[in-house]
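In what follows, a structure is listed as structure tokens, so that the remarks can point back to it.
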Amino acid sequence: MNETATLWWDASNSSIRYIDQTLLPIDYTITECRTIGRLVTAINRLEIRGAPALGVAGAYGIALAAHVCQKSDLHAFMADVHRDAETLRATRPTAINLGWGINRVLAKIRSSPDVVSARMTAIAEAQAVAREDTACCHTIGELGAALLPDTCTVLTHCNAGSLACSSWGTALGVIRSAVNAGKQVKVIACETRPLLQGARLTAWELSKDGIDVTVITDSTAAHLMRTSTIDAVVVGADRITCDAVFNKIGTYMHAVCAHHHKIPFYVAAPLSTFDTENRERDVIIEERGREEVTTMGNRTFVPAASAVKNFAFDATPLDLVTAIITERGVLRPPIGTDLILSLKSTQ
Ligand code: MRU
């Protein structure tokens, strides 16, 4: 399978280059960001999206901030980079990887002796974040593939694929690795209202790789589980606390249905997605604009007088999760914070 990076640093003009995910599947366009303002727009518009990809974007964002800052005084330079870091961090509050990627590069440049060395260190660390993400996805893929039957139909929600990561994917990494291992895997991709990451992105990625994929409306999932079409559900995650998995809105609904029908419900995510400091009640669920729900193309189909709620994510209690597939092994709930901290510390 062809492995393409979702985003990368272009040293020729100090920019972040990325596949613009708002244009797929119609147009495959590589866009560039040369300012923090443009990167903020790209993240807000979901041109770059998916938790691990946001971690990489946060890391490259600090490299970009370090490059656009013209100050030669180290203290003033660090102040500007930290201000940009906070602007970036605020773009998407639920996906923990964004802040994780930002913090990792900030920590690495903290002891830089001068501005030039801070810039070089920032790029090197961001590139390491991207490389490690790809490696994590491959390990998650192999560990997850072992959980799937040799012939199976897997339901997934949103896009937890190559586009949501540096490459390969978490949930779709499991599917890719299973197919590579010779398993016969059919994928049911929920369209994922309102922005259709499943219909546009998951279906595009999998069909490009020759993997059998069928798109359904989100509300078809329960029917397919009831009629025994689905052998397993595999999704990604935007944040995992000690009591819940946060993922694209609709994930909880699939978890409840899978539990009812005794279908394994797997979450595939790197350790960078775990939040050991908060519980479900502390996490902000991002709410997005009404136009994402009320319009399609140029057409508005919800009356202007009607209120709209547009939650980007929901929380699935861990007791509905069969296992979480990480790069350090397959974890079965309950999963204590101590275990996660110990796994993270051995990285
Ligand atoms: O709003 P998005 O498209 O960024 O939401 C993405 C998801 O919910 C993904 O399922 C999640 O980030 C896991 S990606 C490996």
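For segment 189-203, name all the residues that are more than 16 Å from Lys248 (Cα to Cα) and touching a helix residue (DSSP H, G or I) at 6+ places or on another chain (Cβ under 8 Å).
Quick first cut of segment 189-203, residues more than 16 Å from Lys248 (Cα to Cα) only: 203.
If the condition is that a residue be more than 16 Å from Lys248 (Cα to Cα) and touching a helix residue (DSSP H, G or I) at 6+ places or on another chain (Cβ under 8 Å), then no residue fits.
When segment 264-291 is filtered for residues that are hydrophobic (A, V, I, L, M, F, W, C) and within 12 Å of the ligand (Cβ to nearest atom), the ones remaining, listed by number, are Val267, Ala268, Ala269, Ile285. When both residues are 6+ apart or on different chains and their Cβ atoms are under 9 Å apart, which pairs have a first residue that lies in segment 261-275 and is farther than 15 Å from Asp133 by Cβ and hydroxyl-bearing (Ser, Thr, Tyr), and a second that is within 13 Å of the ligand (Cβ to nearest atom) and in a strand (DSSP E or B)? Close Cβ pairs (under 9 Å, with a partner that is within 13 Å of the ligand (Cβ to nearest atom) and in a strand (DSSP E or B)) amount to Tyr266/Val233; Tyr266/Val234; Tyr266/Val235; Tyr266/Ile324; Tyr266/Ile325.
Applying the condition of being surrounded by 24 or more Cβ atoms within 10 Å (Cβ to Cβ) and touching a Lys or Arg at 6+ places or on another chain (Cβ under 7 Å) to segment 52-73 and asking which residue is farthest from Gly236 (Cα to Cα) yields Ala66. State which residue pairs qualify: first residue over 22 Å from Ser72 (Cβ atoms) and inside segment 99-119, second residue open to solvent by 10 Å² or more (accessible area, probe 1.4 Å) in any location, beta carbons under 6 Å apart, and separation of 6 or more residues or different chains. The qualifying pairs are Gly99/Arg89; Trp100/Ser272; Ile102/Arg89.
Where strands (runs of 3 or more DSSP E) sit wholly within segment 1-53, those with at least 3 residues that are touching a residue at least 60 places away in the same chain (Cβ under 8 Å) occupy 7-10.
Restricting to segment 215-256, count the residues that are within 26 Å of Pro25 (Cβ to Cβ) and touching a Lys or Arg at 6+ places or on another chain (Cβ under 7 Å). It would help to see each step written out before you state the result.
Here is the first cut: in segment 215-256, the residues within 26 Å of Pro25 (Cβ to Cβ) are 215-221, 223-224, 229-230, 232-238, 247-251, 253-254.
Among the residues that remain, those that are also touching a Lys or Arg at 6+ places or on another chain (Cβ under 7 Å) are: 218.
Residues that pass the stated criteria total 1.
With respect to the conditions (1) open to solvent by 30 Å² or more (accessible area, probe 1.4 Å); (2) in contact with a Ser or Thr (Cβ under 9 Å, 6 or more places away or on another chain); (3) of a type in the set (A, V, I, L, M, F, W, C), Phe246 falls short on a single one, namely (1).
Tell me which residues, restricted to segment 326-347, are acidic (Asp, Glu) and open to solvent by less than 90 Å² (accessible area, probe 1.4 Å). Steps first, answer last, please.
Step one: of segment 326-347, the residues acidic (Asp, Glu) are 327, 338.
Selection gives Glu327 alone.
Please specify each residue of segment 219-250 satisfying the condition of being within 13 Å of the ligand (Cβ to nearest atom) and over 14 Å from the mean Cα position of the chain (by Cα).
Just the residues of segment 219-250 that are within 13 Å of the ligand (Cβ to nearest atom), to begin with: 233-240, 245-250.
Selection gives Val233, Gly250.
Is it the case that some residue within segment 157-171 is open to solvent by less than 10 Å² (accessible area, probe 1.4 Å), under 18 Å from Gly58 (Cα atoms) and not assigned by TED's automatic domain parsing to the domain that holds Ile324? No, the conditions are met nowhere in segment 157-171. Mind checking which residues of segment 15-38 are crowded, with 16+ Cβ neighbours inside 10 Å, among the polar types (S, T, N, Q) and under 25 Å from Val81 (Cα atoms)? Those that are crowded, with 16+ Cβ neighbours inside 10 Å, among the polar types (S, T, N, Q) and under 25 Å from Val81 (Cα atoms): Ser15, Thr31. Checked against the criterion of being in contact (Cβ under 8 Å) with a residue 12 or more places away in the chain, over 25 Å from Val302 (Cα atoms) and not hydrophobic (A, V, I, L, M, F, W, C), segment 192-202 contains one or more residues that satisfy it. Scanning segment 146-187 for residues that are of a type in the set (S, T, N, Q) and more than 9 Å from the ligand (Cβ to nearest atom), we see that the one that is nearest to Thr214 (Cα to Cα) is Thr153.
When Ser117 is tested against the conditions (1) in contact with a Gly (Cβ under 6 Å, 6 or more places away or on another chain); (2) outside the structural domain of Ile211 (by TED's automatic domain parsing), the lone failure is (1).
Of everything listed in (1) in contact with an Asp or Glu (Cβ under 9 Å, 6 or more places away or on another chain); (2) aliphatic (A, V, I, L, M); (3) within 21 Å of Ser166 (Cβ to Cβ), the single unmet condition for Ala57 is (1). For segment 55-88, name all the residues that are outside any helix (DSSP H, G or I) and of a type in the set (S, T, N, Q). Gln70, Ser72, listed by residue number.
The values are calculated or read from the model by the stated rules, or taken from the named source; none is laboratory data. Everything quoted here is computed from the prediction, not taken from an experiment. Cβ coordinates were reconstructed from backbone atoms using ideal geometry, including for glycine residues, and neighbour counts include every protein chain displayed. These area figures cover heavy atoms from the full protein model, side chains too; ligands, DNA and RNA do not enter into them. Shrake-Rupley method; radii C 1.70, N 1.55, O 1.52, S 1.80 Å.
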